[in-house]
Structure formats: structure tokens, C-alpha cells
1. Where does the range 8-88 land on Rg/Rh, using Cα atoms and the Kirkwood Rh?
2. Could you pull the Cα extents of the range 63-169 along its three principal axes, largest to smallest, in whole Å?
3. Loop-only trypsin sites (Lys or Arg not before Pro) in the range 129-226, please: DSSP not H, G, I, E or B, and at most 13 other Cβ atoms within 10 Å.
4. Take the Cα atoms of the range 132-191, build their convex hull, and give its volume per residue in Å³.
5. Let me have the relative contact order for the chain, percent, based on Cα pairs under 8 Å that are six or more residues apart.
6. If each residue of separation counts as 0.36 nm, what is the full-extension length gain between Arg202 and His217 once their alpha-carbon separation is subtracted?
7. Suppose only helical runs count, i.e. DSSP H with n ≥ 4. What mean residue ellipticity at 222 nm does that imply for the chain under -39500 (n - 2.57) per run, divided by all residues and rounded to the nearest 500 deg cm²/dmol?
8. What FRET efficiency would be calculated for the residue pair Gln79, Ala128, taking the C-beta separation as r and a Förster radius of 30 Å, to the nearest 0.05?
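Read-outs: derived from the displayed coordinates by stated rules, not from any lab. All values derive from a computational prediction rather than experimental measurement. No Cβ is skipped: glycine too gets one built from the backbone with ideal geometry, and neighbour counts run over all protein chains shown.
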Amino acid sequence: MARHIPSLNALRAFEAAGRQGRMTLAADELNVTHSAISRQIKHLEAMLGVPLFEGPKNNLRLTEAGTTLLSGLGSAFDQIDASVRLVADTEEGALDISCPGTFSMRWLIPRLYRFQAEHPQIEVRLTASSRPVDFDRDGFDVAIRVGDPPWPKGGEVVPLFPEQTGLVLAPPLLQTAAGDFSGLAQLHTRTRPRAWENWRARSGRTVGTGPRLDYEHFYFMLEAARAGLGVCVAPWPYVIDDINAGRLTPPFGFTDSGHHYVALRRERRNRKASLFCSWLQQEAEAFSAAHPVLR
């Protein structure tokens, strides 16, 4: 069945004008003149036989037909953009990275400026996620994850570093507790429900604590620990800065959790993802060398 698609330039002009709300802004976005945008939209209206905008020139509004067309074009251009990026192999443009939110905030983002300085032509777009990645379903170029093999199919594994976890709490609490944590709240996060169980099994320690408090996100739990609301189990990369600054203290050091941080890259290589993963490995090696784990 043949597709009846108007001029792509006309559709792009209309989509930009409809999304931006003004033809001058659409012209700036597409690097053309205001009159060029206006001509393309008039051509599209004539072809479709319906008006797409109404009202005075200085206050144009989408008609019902324009609103309907814009909603479909937005998703269509997003799909075109995603399809193009899947096959494009350049050292410029967008690079989509999926990464656990707290790892992004505590480890990746503070170092990302170095990658951007080396590769200003690459736009790194971060999405917070810890769920198993599916490269057939998801549009990510690289997914950073912590866990164990087997890793998802369709991705090349780039090892970063092993994970160590330990108990951490605010220094004033440690002084008050004097080694007895039975009166301190046991802080948990729903994203790692077995963290305490895993730490006890790996460390061989049985530490009594007070009531259990659950937080929706890892970052909230760490903030609660810093605020002196209890004691939690946390990975070394997430708390090294707080420990160095004296905001948190680890009474028993850190123990291997059995998990590993890795970057998963699409099997079909592209230059942007290769550059990012090479940089990521270098940063991971430098971090491990500069911050030996407290045992």
C-alpha cells in the first residue's frame, strides 16, 4: 500500500512551529527564515485541505486538525530520530546512557565533565534505570549496571570494578552507640531489598539494630544516614566522598558483595559508544587506584 506523505520539509516546519508555538522560534531551530516556515505551512495546508493554525499572525493557535497532526508527527519524528541514531556511526551527536540513578549522581556525573571536555561534540543523555536492559527493546547505546553474569543478550560487557559494601552511619551516632546499634534504625531501600542480608552473609557479622525504615530510592536512604536517622548498607563508590568529608563513617570497613559494575554496549559498535566506554574504563581504573577500599 502506497504511503501518501506530504513534503518532509513541510512536515518538519509545521512540527517545529506547532511545538515551539511561534514560527520565528521554528525558523531559528531549523536555521531558515520566518517566511520559509510560513510558505511550507501554507503549502501543507493547501495539500491537506484544512487550516492548521488560526488567529492573528502575532498569536497563532493550532486548529483541531493541527493539534491532531502535531501529536502524530512528534512521535513519528522521535521514531525517525531513534532509527537514524541506531545506524549512524559518527563521533558527534547524542549518546544515550542508562545508569542507576544514585550511581549517576554519586559517581558518574562528578566525572562526566572530563569526557565532555575531551568530546564536546557528543551529547551524553542520561536515563536513570536499574532494570535489566533489552537492547532489542530499549534505545540505549550503553547501559551501566551492577550485578552478576549472565548479562543480557545483545550487549558487549565492559568490566569496570567489583563492588564492596559496608555499614555506614553519621559519626555522632557511632559515638553515641559505642558499638551497640540496637537502638539505631536499620535503613533500607526498595531498589536493594537484600542489601543487609547479603552484607551479613559476606561479612560474617551479626549486628543488631532497631526498627526498620524503608526508602523508595537509594539516594534518599543515604541522605537519611547522613542526617543521623540510622545505619545502612551502602556500596563503596556511593559513599567514598562522604567518608572522606567526615559525613559518614564505616565502623567495620567494606566487604566484597560478589557483584560487579559493568558497562553493557550494543554488540553493533558505534564510535560514540566506544569512546565513552574506553573513557569509562579509564575512570574506573583511576578511581580504584586512587581510592583503595577500606577493609
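1. Using only Cα positions, Rg/Rh for the range 8-88 is 0.99.
2. 60, 33, 32
3. Within the range 129-226, the qualifying trypsin sites (Lys or Arg not before Pro) (loop, at most 13 other Cβ atoms within 10 Å) are Arg137, Lys153, Arg190, Arg194, Arg205.
4. Given the Cα convex hull of the range 132-191, per-residue volume reads 146 Å³.
5. 20
6. Taking Arg202 through His217 to full extension adds about 3.1 nm, to one decimal.
7. Helices in the chain give a 222 nm mean residue ellipticity of -13000 deg cm²/dmol.
8. The pair Gln79/Ala128 has a calculated efficiency of 0.85.
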